[in-house]
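To keep things clear, I will list the structure first and then write my remarks on it.
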Amino acid sequence: MNARAKRRILVTGGAGFIGSNFVHHWCKEYPDDRMVVLDALTYAGNYQNIAALEARENFRFVKGDICDRLLIDQLLAEEDINTVAHFAAESHVDRSILGPDAFIRTNVVGTFTLLEGFRAHWNARGRQEGVGAASRRHRFLHVSTDEVYGSLSAEDPAFTETTPYAPNSPYSASKAGSDHLARAYYHTYNLPTIITNCSNNYGAYHFPEKLIPLMCINILLGKPLPVYGDGQNVRDWLFVGDHCRALDVVINKGIPGETYNIGGNNEAKNIDLVNKLCELMNELAPDLPVRPAQKLITFVKDRPGHDRRYAINATKIKEELGWTPAQTLEGGLRTTIEWYLKNRDWWQPLLSEEYQNYYNQVYG
Ligand code: NAD
Ligand code: DAU
């Protein structure tokens, strides 16, 4: 019998894309752990992503804001939380260009509020059970992004954990600020924080504004496929299931104070990725309004400050924690497309008036 101590885990942003995939992963792997999801249900949060878990005894969903210190203190104490997995954020670069305020509030002030709440709670537990025991039992996982490292040229080596920070968008600058706070709380207070910086995720429950779901949905609707600039920008695609396995390993085996880069080993130019999506859609979707879907590809005005290339060197997590990504890009894209084909009821309501207003602002 495995003597693993039960975790009482608070997942912030657990109704969003990666957060909800992580919540499903954790509930499946560790059904005896207590799972508390805190999410403000912004435009990007969707209760339906986790509704199926509500029936579980060990599960609780709370609608609330990570900037609300009273709520944070109350939840940490009454649920006796020993592990925080912090996903809650404003996450879309184009929205950060249109309006950075919410990014500073949630990503910087929200992370600060959560760290302060967790520090007070951990101190209180340390007084009761001894500082050493509290430190062994408690973890604060701060989920961040490779975008904090800035932009690479085609020849540059991939980002490592020691690459200097050089964020270029209000989104990545706000994430960089939150990373610095998580790091400082370890160095100053010994709070057992761990930071992960990962590349572009894709998979089920991905909100329509992001490249892969946007292209899949527009192909199904026969709408133009807007490729920014010359389409030569490169991203390193990480299947969300692989990411969740990596975060599991980091929570259970990672060292406090450390940073781990997580990548998919799947670099692709945007235009090649969009062509691949068209090819797969032509094969998998029977009733496309426009066929072949490649006819819909349209080059549009570039994103301001558009980073040219991201690439992750994930050697550290492989060598120290034994994690590697399992999914190929082709396999992951097939699985993702099949999910979007089967789950029209999930994505159709998300194309709301608010979403159309946003879409018109970005794409004209
Ligand atoms: P998402 O936008 O899909 O979900 C964010 C979630 O946070 C939503 O459910 C939203 O309702 C919630 N939220 C927002 N503001 C909140 C607040 N003030 N209080 C409580 N909840 C709030 O984001 P995602 O793509 O799932 O990203 C999750 C995390 O991973 C983010 O921190 C993001 O920076 C990071 N990340 C994402 C990617 C990616 O490719 N999607 C890659 C690297 C890092
Ligand atoms: O690298 C990790 C980051 O990946 C995360 O931190 C962010 O939260 C996440 O949104 C993602 O950021 P990107 O800006 O890389 O993802 P996005 O899906 O918005 O765009 C991917 C690439 O596709 C990027 O080069 C811009 C381009 N693009 C995007 C959209 C939405 C287009 O060409 N057309 C589009 O319509």
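Please treat every number below as a calculation from the coordinates, not as lab data. Predicted model only: the values in this text are computed from it and were never measured. FYI the Cβ positions are ideal-geometry reconstructions off the backbone, even for glycines, and counts take in every protein chain you see.
In summary, the aspartates and glutamates within cross-link reach of Lys295, defined as a Cα separation below 13 angstrom excluding same-chain residues under 8 places away, comprise Glu279. Can you find, among Pro224, Ala182, Pro167, the residue farthest towards the positive end of the dipole of region 148-224? Put +1 on the C-beta of Lys and Arg, -1 on that of Asp and Glu. Of the candidates, Pro224 comes out farthest on the positive side. Remark: the Cα gyration tensor places region 187-338 in the prolate category, a/c being 1.5 or greater and a/b exceeding b/c. Of all lysines in the structure, those lying under 17 Å Cα to Cα from Lys318, and not within fewer than 8 positions of it along the same chain, are Lys253. Placing a label point 7 Å from the Cα of Asn58 along the Cα-to-Cβ direction, the residues of region 5-49 whose backbone N falls under 16 Å from that point are 5-11, 22-37. Candidates Tyr363, Tyr310, Val108 compared by Cα position along the dipole of the chain: farthest toward the positive end lies Val108, with charges placed on Cβ.
For the peptides 49-58, 23-32, 308-317, the ranking by mean Cβ contacts within 10 Å, running from highest to lowest, is 308-317, 23-32, 49-58. Per-residue ellipticity at 222 nm from helix content only, as computed over the chain with -39500 (n - 2.57) for each DSSP H run of at least four residues, stands at -13000 deg cm²/dmol. Could you tell me the relative contact order of the chain? Use alpha-carbon pairs under 8 Å, at least six residues apart, and round to a whole percent. Worked out over the chain, it gives 17 percent.
For a straight C-alpha distance cut-off of 21 angstrom, the lysines reachable from Lys175 (same-chain residues fewer than eight places away being disregarded) are Lys210.
Dipole size of region 76-235 about its Cα centre, with +1 on Lys/Arg Cβ and -1 on Asp/Glu Cβ: approximately 380 debye, rounded to the nearest 20.
The angle between the Cα long axis of helix 17-29 and the main principal axis of the chain comes to about 50°, on a 0 to 90 degree scale. Here r is the Cβ-Cβ distance between Phe299 and Gln348 and R0 is 35 Å; the resulting FRET efficiency, rounded to 0.05, is 0.80. Report, to the nearest 10°, how far helix 329-342 tilts away from the longest principal axis of the Cα atoms in the chain, using its own Cα long axis and a range of 0 to 90°. Compared with the principal axis, the helix lies near 80 degrees.
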